[in-house]
Amino acid sequence: MSIMVPSTTPALTTPGRQALDSALQQLHHAAEHLGLDDGLRTMLATPRRSLTVSVPVRREDGRMDVVQGFRVQHNVSRGPAKGGLRFHPATDIHEVTALAMWMTWKCALVGIPYGGAKGGVAVDPAALTTRELERLTRRYVNEILPLIGPEKDIPAPDVGTDEQTMAWIMDTYSVNAGYSVPGVVTGKPMTLGGSLGRKGATSRGVQIAALAALGRSPEGVTVAVQGFGKVGALAAQYLADAGCRVVAVSDVTGAVHAASGLDVAAVRAWVEESGGVAGYPHADALGHDELFELDVDVLVPAALEGVITEENAPRIRARLIVEGANGPTTPAADEILAANGTTVVPDILANAGGVIVSYLEWVQNMQAYSWSSDEVEVKLRDLMEGAFREVKSLATERGLTLREAAHVIGVGRVADAHQMRGLYP
Ligand code: NAD
């Protein structure tokens, strides 16, 4: 029996299904390289627990809507499950499974003692009032309550969720427990046990990975960023702070471009005020697709999966792609980019700063102690730079791409954990 990489039939093709196909193909290549046996491959290709729930929500006008929610724990061989919670209308069980699988390899790659999980609710948060969102979040948490907990599975922010969402989760869980349990989620507000440095951690990690991969002074290096949310906006800011020239950014509202460089802080202020990058006055409007084709040194996809495909990969001129988003590049696009000499710092390495500082937040919560922002930053930098060096050196030694090397390390560590634990009973 060999690992099944399910074929995508037209009836089943959703962005989530495609993301899962990509994740399974990446696992397949790593498993081949590692020579894993079929049983272990199947174990690693299959989530340990998947829960689909119906979440009824009372709307402001008195109507009741019911939306679907998911929580998937892909692997818990190295520790409690860890992974974000996404609110997005297109999310489905396949997407959440793919994202959980990538979390497993990411935690193993950067050496933190977690397995991988992910959650999702198929809803557009922008279409709900704050009170509706709160009711939705609390009811979803109640539905998945048996799965989560500081020693079991610890959610965090992802697309469409933020520290307010985490505060509602922490409160709902704590009310059910009968006492405050800050360690049940990370990415919390500081006042509820959040960690200094968590808010910008994923973006800081993207900056660290980008500078390590550049291997030269960032002064004047040109950058385009797709997605100007929690990860993309601060990644653009930190890269600009390091001396790069951020020439284009985009979000769902549009894309903007200024060849002489954008004032990233001013774009962030504009987004705060107007709700999106579109219409930012000191730049030209750009088509969404055009951003990928700009002649820049670094491209940072920081929105959703499957945006760099075999269709647009041949037109990408960036020398370096640093994946802030999870799963932005399809395996077919990866082959084209590798053939064209484009270096891709893969998601499980480039955006690991978020889960690293989530782990540090959880450690602080479990000890009821807090570290200074300098302590957090030093630990984040050490783990990111250490992981980058390991990936780079394995890639060089074995002639692999950075993605292949990162998966060989991550998958290999999880496989080792299974082999050492043995199979119960
Ligand atoms: P977010 O909701 O804060 O931001 C998402 C951004 O993407 C928004 O600006 C949105 O407008 C934009 N966007 C969506 N579709 C787009 C499109 N077609 N074109 C251009 N822009 C588009 O989410 P986030 O937390 O910043 O997450 C972004 C990515 O980073 C996701 O892939 C997520 O899984 C990944 N990630 C997030 C974290 C974290 O700590 N938040 C950690 C690791 C990885």
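If 58, 403 are ordered by their accessible area, calculated over protein heavy atoms with a 1.4 Å probe, which sequence runs from highest to lowest?
In descending accessible area the options line up as 58, 403.
Work out, step by step, the length gained on full extension between residue 164 and residue 340: first 0.36 nm times the residue separation, then minus their alpha carbon distance; give nm to one decimal.
Length difference between fully extended and current span is 59.1 nm.
Tell me whether the stretch 222-268 comes out rounded, prolate or oblate; compute the Cα gyration tensor, take square roots of the eigenvalues as a ≥ b ≥ c, and use a/c under 1.5 as the rounded threshold.
oblate
If amide H atoms are built 1.01 Å from N in the plane of the peptide, which residues on other chains or at least 5 residues away come under 5 Å of the amide H of residue 75?
The list, which skips near neighbours in sequence, is 48, 116.
Based on Cβ point charges of +1 for Lys and Arg and -1 for Asp and Glu, what charge dipole magnitude is obtained for the stretch 83-176 about its Cα centre, in debye rounded to the nearest 20?
120 debye
Please give the Cα centre distance for the stretch 228-288 versus the stretch 116-158, rounded to the nearest Å.
That distance is 29 Å.
Pairs of alpha-carbon atoms within less than 8 angstrom and 6+ residues apart define the contacts here; what relative contact order does the chain have, in percent?
16 percent
Bin all alpha-carbon pair distances of the stretch 326-425 at 10 Å intervals from 0 and give each bin's fraction as a whole percent.
Going from the shortest bin to the longest, the percentages are 13, 34, 31, 18, 4, 0.
Select from 244, 179, 193 the residue farthest towards the positive end of the dipole of the chain; place +1 on Cβ of Lys and Arg, -1 on Cβ of Asp and Glu, and compute about the Cα centre.
With unit charges placed on the Cβ atoms, the residue in question is 179.
Note down the relative contact order for the stretch 105-232 as a percent, whole number, built from C-alpha pairs under 8 angstrom at least six residues apart.
So the answer I get is 16 percent.
Given +1 on the Cβ of Lys and Arg, -1 on the Cβ of Asp and Glu, and no further charges, what dipole in debye does the chain carry about its Cα centre, rounded to the nearest 20?
With only Lys, Arg, Asp and Glu charged at Cβ, the dipole is about 1120 debye.
Residue 245's amide H: which non-local residues (gap 5+, or another chain) put their own amide H closer than 5 Å, with H modeled 1.01 Å from N in plane and none for Pro or chain starts?
Excluding prolines and chain starts, which carry no amide H, the hits are 220, 221, 222, 223.
Among DSSP bridges having both ends in the chain, what percentage is antiparallel? Round to the nearest 5.
50 percent
Probe radius 1.4 Å, ligands and nucleic acids left out: which of 91, 46 has the largest accessible area, and how do the rest follow?
Largest accessible area first, the list is 46, 91.
Using only the Cα atoms of the stretch 107-254, what semi-axes does the equivalent ellipsoid have when each is the square root of 5 times a gyration tensor eigenvalue? Give whole Å, largest first.
33, 19, 13
Accessible area of the chain with a 1.4 Å probe: how many percent of it is carbon plus sulfur?
Carbon with sulfur: 53 percent of the solvent-accessible area.
Defining a contact as two alpha carbons under 8 Å apart and six or more residues distant in sequence, what relative contact order in percent does the stretch 304-410 show?
24 percent
On average, how much accessible surface per residue is there in the chain, in Å², for a 1.4 Å probe, leaving out ligands, DNA and RNA?
Accessible surface, normalised per residue, equals 41 Å².
Enter the accessible area of residue 366 (Å², nearest 10), with the probe set to 1.4 Å and all protein chains included.
The value for residue 366 is about 90 Å².
By per-residue mean of other Cβ atoms within 10 Å, what is the highest-first order of 243-253, 211-221, 69-79?
Output ranking for 243-253, 211-221, 69-79: 69-79, 243-253, 211-221.
I'd like to know how the chain sits against the 2.2 N^0.38 Å rule of thumb: what's its Cα Rg over that expected value?
Cα-based Rg divided by the globular estimate yields 0.93.
Scan around residue 321 for amide H atoms under 5 Å from its own, H built in the peptide plane at 1.01 Å from N, and keep only partners 5 or more places away or cross-chain.
The answer is 299, 343, 344, 345.
Please list, or write none, the lysines whose alpha carbon is within less than 20 Å of the alpha carbon of residue 82, excluding same-chain residues fewer than 8 places away.
106, 118, 152, 188, 199, 230, 379
The values are calculated or read from the model by the stated rules, or taken from the named source; none is laboratory data. Predicted, not measured: the structure shown is a model, and the values here were computed from it. Virtual Cβ from ideal backbone geometry, glycine too; neighbours counted across all protein chains shown. SASA here: full protein model, heavy atoms, side chains in, ligands and nucleic acids out. Shrake-Rupley method; radii C 1.70, N 1.55, O 1.52, S 1.80 Å.
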